Each structure stands twice: as structure tokens, then as C-alpha cells.
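Read-outs throughout are calculated quantities, based only on the coordinates presented, and are distinct from any laboratory measurement. What you are looking at is a predicted structure, and each value in this text was computed from that prediction instead of being measured. Neighbour counts run over all protein chains shown; Cβ positions are idealised from the backbone, glycine included.
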């Protein structure tokens, strides 16, 4: 995906009082026409060519608003959260949590150690 017309946060275009418009399309000639017509209608335009995933679009929108897009959680954070959720679901019963997670009790204990998870019932939710 390539970015064709984009005003980064803090630039004169991003400080404009004009409304912003984002257009995602895969054909260059169509993007050019849309950009020209939208700018004549009073919009600041940002054009994205090709397929657009939600993470990329969120980043572009945050940039336009002058915000910092938060990165997605790491795999480690996701795993830790899932383990904690399963332990809470079974009131801290590690054997039952290991079954729900589809891993051995020994594997669960290694992960608990890796993520520094001690007594789940005492941790804030």
C-alpha cells in the first residue's frame, strides 16, 4: 500500500480547519479524480492506494488527529492475559486452567513463572 497524499501531524495542512477525507482505492486515475473534486469541495484529502487493513487505517487516522497510535499488544501480553483469564474462570485452580488452555500442568507452571504470575486471586482485575 502506498500513501499518495498525506499531511503529517503538525504540518500546516494538518492544522487546517477544513474537514479531512480519506479515500482508499486501488486505481490511480480514480484516486486523482476523487482528490481533485474533494479538494475543490473544501476537504483536506489523504489518499491510500491498494488494500487497506484496519491497523494501517487507524494509524493514518491517529496521525491526522495528531495522536500517537498505540501499538497492538505483544504476543507475550496476549498469552499472559489469556492465562490470567482462565485462572480467574476456575477460581485459581491450576489443574483446571491447564485443561482449559489445552496444555499440561507442567507447561502452565512454566508459563506462570515466565509471566511472574503468582496468586491470581490476589491480582487486580
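To the nearest 0.05, what FRET efficiency results for residue 33 and residue 67 with a Förster distance of 41 Å applied to their C-beta separation?
Working: r = 30 Å, r/R0 = 0.73.
After rounding to 0.05, the efficiency reads 0.85.
Rounded if a/c is under 1.5, else prolate if a/b beats b/c, else oblate: with a ≥ b ≥ c from the C-alpha gyration tensor eigenvalues square-rooted, which is segment 75-122?
Since a/c stays below 1.5, the shape of segment 75-122 is classed as rounded.
Quick check: residue separation of residue 110 and residue 76 times 0.36 nm, minus the Cα distance between them. What number comes out in nm? Show your work: numbers first, answer last.
Numbers: separation 34, 0.36 × 34 = 12.24 nm, distance 1.35 nm.
Result for the pair: 10.9 nm of gain on full extension.
For segment 84-111 and segment 18-55, what is the separation of their C-alpha centers, rounded to whole Å?
Here the answer is 49 Å between Cα centres.
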